[in-house]
Amino acid sequence: MAIFHLSVKTVSRSTGRSAVSAAAYRTGDTLTNERDGRHHDYTRRSGVDGSFIMAPTGCDWAMDRSRLWNTAEQTEKRSNSVTAREYVLALPAELDATERSDLARAFAGALVERYGVAADVALHAPSREGDERNYHAHILTTTREVEPDSLGKKTRILDAAKTGGPEIESLRELWAMQCNEALERHNKPARVDHRSYERQGVEKMPTLHLGPTSVTIERKHQAEAEAERKGEDYQPRTFKAQENRRRRGLNERVRELAQELSGVIQKVHAAKKAAASSLVRAFGRSRRAEQETEARYAEMLRQREAEQRRQAEEQQERAAEVRRNVLKRQEEQKRRIESRLAQLIREAPEKRAELFARFYPTDPLARAVDAKLHRMGLEELEAEEKAVRTGLERYEAQERQRRSEGPGMRMKGRGRGRGGPSRSRDRDTDPDPSDGGSSFEPF
């Protein structure tokens, strides 16, 4: 079964590491760190199957490993700067060396295209003491975009708390897809999945990653036990191996319980099948009764909704009638105000007060009777009285103004007509208030 693994790490000065030494160690090369003058020679290291660099188009200078990582070191100025980012990939052991190299190259190319960085890829074979399937790749990338002559701005998407997690999850999904496509392309049945057992819906407890140290210890003691030929089961020595053995036992027990449960379920289904027809008939009768009850309830709801709509329509009609009555009363009151004001204006000035007192008596009983006759309340009567008084005062003020202007002033609407100048100016200076030529407008 193919193994899925992708982890993302950083090379930071805060931990005493440098991009130059990391690149030299991963690729089995010899490099000199120009920043501190340290020389890193790992040419004697075994297990490196190959290495290569990938960079954006037009950035040929980045293909020089020494120049690339020394530029990365010199560009960062802070004492705790992250100078490189490392991706560790588990390559499917089902593929041959060329196919594994092509797969690592495809993922490195995706990183270069996605972030605009340079990628230094080192292909590693399994160690002699480790798992023989442990073919893997180390991809060291710059933390800045690569430009034609140097490094550019930082790639912050993997550093930010909000975007780092989702971005790494996206890369894990991409790597799983590329692995499965390669396995399918080369007719290998194995597949990988970047999701946990829980996310996959698999009822299985995952085992722990032993790592090179635990694997070395376990293989050493297992070889010793086989050499002694005791005929007993090998007992793991390290905690991780012991925990993995316990978890495998639990997974096996869960599998057995699942099989037993499946057998019980089949027996239950067989027992239920004999009574299925009677249960179906009983359910049918119950369902018909429920449907009849639901139909009656639905009819009751429809009747209630119809009654509520009728009541709402009646309320709307009553509200509309009230609004029409209010508008009608307002219109009647307006005409009444205009009529009474016209009557007052037609009277002689000395008789206006007497007529006004008849219209609006001060006696409470008389006022109440007058309000009742005209279907209005006392407040409406008082408002009418105030409006008439205001209009009358406005008219008298205009009348006084005309008198003060003298007989030589013409009234609005009078003057020279078709027959020439008016023959009597004295008549024009004091017009009849009821005459249509008056310029007074009470409202």
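Annotations
- Filter result (in a helix (DSSP H, G or I) and farther than 15 Å from Tyr25 by Cβ) within the range 48-72: Asp60, Trp61, Ala62, Met63, Arg67, Leu68, Asn70, Thr71, Ala72
- Entry remark, the range 370-384: residues being in a helix (DSSP H, G or I), of a type in the set (A, V, I, L, M, F, W, C) and surrounded by 12 or more Cβ atoms within 10 Å (Cβ to Cβ) number 4 in total.
- Within the range 18-42, restricting attention to residues that are touching a strand residue (DSSP E or B) at 6+ places or on another chain (Cβ under 6 Å) and open to solvent by 80 Å² or more (accessible area, probe 1.4 Å), the residue that is farthest from Asp131 (Cα to Cα) is His39.
- Taking each residue of the range 284-295 that is among the hydroxyl-bearing types (Ser, Thr, Tyr) and looking for partners that are surrounded by 10 or more Cβ atoms within 10 Å (Cβ to Cβ) with beta-carbon atoms closer than 7 Å, six or more apart or interchain, yields nothing.
- Criterion (open to solvent by less than 10 Å² (accessible area, probe 1.4 Å), in a helix (DSSP H, G or I) and at pLDDT 95 or above) met by exactly one of Ala182, Ala104: Ala104
- Selection count where residues are open to solvent by less than 90 Å² (accessible area, probe 1.4 Å) and more than 42 Å from the chain's Cα centre (by Cα), scope the range 296-329: 11
- Given (1) outside any loop (DSSP other than H, G, I, E, B); (2) surrounded by fewer than 10 Cβ atoms within 10 Å (Cβ to Cβ), number of the condition Thr362 does not satisfy: (1)
- Leu111, sole failed condition from (1) over 19 Å from Ile3 (Cα atoms); (2) in a helix (DSSP H, G or I); (3) out of contact with any strand residue (DSSP E or B) (no Cβ under 9 Å at 6 or more places or on another chain): (3)
- Qualifying positions in the range 1-41 - touching a Ser or Thr at 6+ places or on another chain (Cβ under 7 Å) and either of a type in the set (Phe, Trp, Tyr) or at positive phi (or both): Gly28
- Of all residues in the range 24-47, none satisfies being part of a strand (DSSP E or B), under 30 Å from Asn187 (Cα atoms) and touching a residue at least 40 places away in the same chain (Cβ under 8 Å).
- Criterion (over 39 Å from the mean Cα position of the chain (by Cα), under 14 Å from Ala90 (Cα atoms) and either open to solvent by less than 40 Å² (accessible area, probe 1.4 Å) or among the acidic types (Asp, Glu) (or both)) met by exactly one of Ala137, Ala122: Ala122
The values are calculated or read from the model by the stated rules, or taken from the named source; none is laboratory data. Note that the coordinates shown come from a computational prediction; the quantities given were computed from them, not determined experimentally. Reconstructed Cβ throughout: ideal geometry from the backbone, glycine too, with neighbour counts over all protein chains shown. Heads up: the accessible areas ignore ligands, DNA and RNA and are worked out on the full protein's heavy atoms, side chains in. Shrake-Rupley method; radii C 1.70, N 1.55, O 1.52, S 1.80 Å.
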